[in-house]
Amino acid sequence: MKTIVQTFFFFSILWLILVQCQQGINDSVSPFNAMEHPKDNPATAEKIALGKKLFFDKRLSLNNEISCATCHVAKKALSDGRKLAKGVEGRLAFRNAPSLFNIGYAPVFMFDGEIKSLEQQILVPILDHNEMGASMKEVIEKLGNDPAYQAAAQKIYQRDFDTWVLTRSIASYERTLISGNSDFDKYYYQDKSNAISESAKRGWKLFSEKLNCIKCHSTPFFTDFKVHNNGKTALSDSDLGRFRIKNDSTMIGYFKVPSLRNSSITAPYMHDGSIATLEDVIEYYAKGGNGGYNQEARIKPFSITKEDKKDLINFLKSLQDS
């Protein structure tokens, strides 16, 4: 038994060393600039560890059913594979759960593009009736009575466990969720010409030049982090986009552009999860959108061959990180 434990420890340590070495190699040419952290929340290893524990803690929800990780699943690139996220007591969230990768680089948050800090954003799903359905008073009472959380709060922040501790810690953890070493990154940023197929290269040319998708899905994040109207919204829809925040009719149908990184494993698509596959997304744009209220003029029909579509899909697949 002792030999088995020693062997396990040896290979665990070896694996950690190999992973760290590999990360060092992968990070040698990053597509991203250094991430900025708020002055009132500089990153530390202790904060990140606490934030990760909180991210997976179901006590953040009304009835201890739902954690952040419930709707942001690793194998689905931190999305959940549902049209609408499933919340407490079987309730459905208002919108599709987006991937959290590279969220620390975003200047605004949520599909409305209104919330200005990651720390503030963390409160939204906790308080949302259809998602976690909790109150901060209840959450802080539950977690504040956990000796491990209380000790960590005192050690890291020199204060009792409270909303400040919770939001700063989870935000610190989420800023470590980086995806920037896809095959496309190796090809485009690391000059490894054989990292993607010839089909994917043709797809990249279609995406960036002929179809100008890069206008909204710009590198390196494959989003411009702005709100746009792609014609999905009718006036009869329950979700009118940024209008619900601004009460401005010119904002009807405007939603923040999602990143296309890892999009091959984050189906279904759009803010309402109404488009099932990448092929269907391409068809949607090829027909010129739905012509919904306020649709932007740039969304125009285009012709695309079967081969072009295959190339585009292969390019999008090349944005999947390991």
* To do: Could you run through the range 174-205 and say how many residues are over 27 Å from residue 79 (Cα atoms) and of a type in the set (D, E, K, R)?
  => 5
* Specify the residue that is surrounded by the most Cβ atoms within 10 Å (Cβ to Cβ); the eligible residues are those in the range 54-83 that are free of Cβ contacts under 8 Å to residues at least 60 places away in the same chain and part of a helix (DSSP H, G or I). => 70
* To do: Out of 101, 111, report the one residue that is at pLDDT 95 or above and closer than 13 Å to residue 273 by Cα.
  => 111
* To do: Among residues belonging to the range 277-303 that are of a type in the set (A, V, I, L, M, F, W, C) and more than 15 Å from residue 241 (Cβ to Cβ), point out the one that is surrounded by the fewest Cβ atoms within 10 Å (Cβ to Cβ).
  => 297
* Give the residue, chosen from 227, 165, that is of a type in the set (A, V, I, L, M, F, W, C), under 21 Å from the mean Cα position of the chain (by Cα) and either within 27 Å of residue 291 (Cα to Cα) or buried (at least 18 other Cβ atoms within 10 Å of the Cβ) (or both). => 227
* **Test: residue in the range 298-307 that is under 30 Å from residue 182 (Cα atoms) and outside any loop (DSSP other than H, G, I, E, B)** => yes
* Structure fact -> With criteria (1) touching a Cys at 6+ places or on another chain (Cβ under 9 Å); (2) surrounded by fewer than 21 Cβ atoms within 10 Å (Cβ to Cβ), residue 170 comes up short on (2)
* Asked: In this structure, is residue 151 within 24 Å of residue 39 (Cα to Cα) and open to solvent by 50 Å² or more (accessible area, probe 1.4 Å)?
  -> yes
* Confirm whether residue 51 is outside any loop (DSSP other than H, G, I, E, B) and buried (at least 20 other Cβ atoms within 10 Å of the Cβ). => yes
* How about the range 184-199: which of its residues are more than 15 Å from residue 219 (Cβ to Cβ) and either assigned to a helix (DSSP H, G or I) or in contact with a Pro (Cβ under 8 Å, 6 or more places away or on another chain) (or both)? -> 198, 199
* **Contacts under 8 angstrom Cβ, first residue in the range 131-147 being over 22 Å from residue 93 (Cα atoms), partner assigned to a loop (DSSP other than H, G, I, E, B) and open to solvent by 80 Å² or more (accessible area, probe 1.4 Å), 6 or more apart** => 144/160
* Residue among 176, 167 that alone is touching a residue at least 12 places away in the same chain (Cβ under 8 Å), of a type in the set (S, T, N, Q), closer than 18 Å to residue 69 by Cβ and not in a helix (DSSP H, G or I) -> 176
* **Matching residues in the range 241-257 - criterion: being surrounded by 22 or more Cβ atoms within 10 Å (Cβ to Cβ) and either assigned to a loop (DSSP other than H, G, I, E, B) or not hydroxyl-bearing (Ser, Thr, Tyr) (or both)** => 241, 242, 253, 255, 256
* Name every residue in the range 264-276 that is under 22 Å from residue 92 (Cα atoms) and open to solvent by less than 50 Å² (accessible area, probe 1.4 Å), in order of residue number. => 266, 267, 268, 269, 270, 271, 272, 273, 275
* To do: Among the residues of the range 89-118, count how many are open to solvent by 40 Å² or more (accessible area, probe 1.4 Å), within 11 Å of the chain's Cα centre (by Cα) and aromatic (Phe, Trp, Tyr).
  => 2
* Taking the range 84-111 as the search range and keeping residues that are outside any loop (DSSP other than H, G, I, E, B) and out of contact with any Phe, Trp or Tyr (no Cβ under 9 Å at 6 or more places or on another chain), which one is nearest to residue 142 (Cα to Cα)? -> 88
* **Matching residues, the range 52-70, being touching a Leu at 6+ places or on another chain (Cβ under 8 Å) and not aliphatic (A, V, I, L, M)** => 57, 59, 67, 68
* Pick out the one residue from 297, 267 that is touching a residue at least 12 places away in the same chain (Cβ under 8 Å) and small (Gly, Ala, Ser). => 267
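The values are calculated or read from the model by the stated rules, or taken from the named source; none is laboratory data. Just so it is clear, the structure is predicted and the values come from calculations on it, not from any experiment. So basically every Cβ, Gly included, is an ideal-geometry build from the backbone, and we count neighbours across all protein chains shown. Heads up: the accessible areas ignore ligands, DNA and RNA and are worked out on the full protein's heavy atoms, side chains in. Shrake-Rupley method; radii C 1.70, N 1.55, O 1.52, S 1.80 Å.
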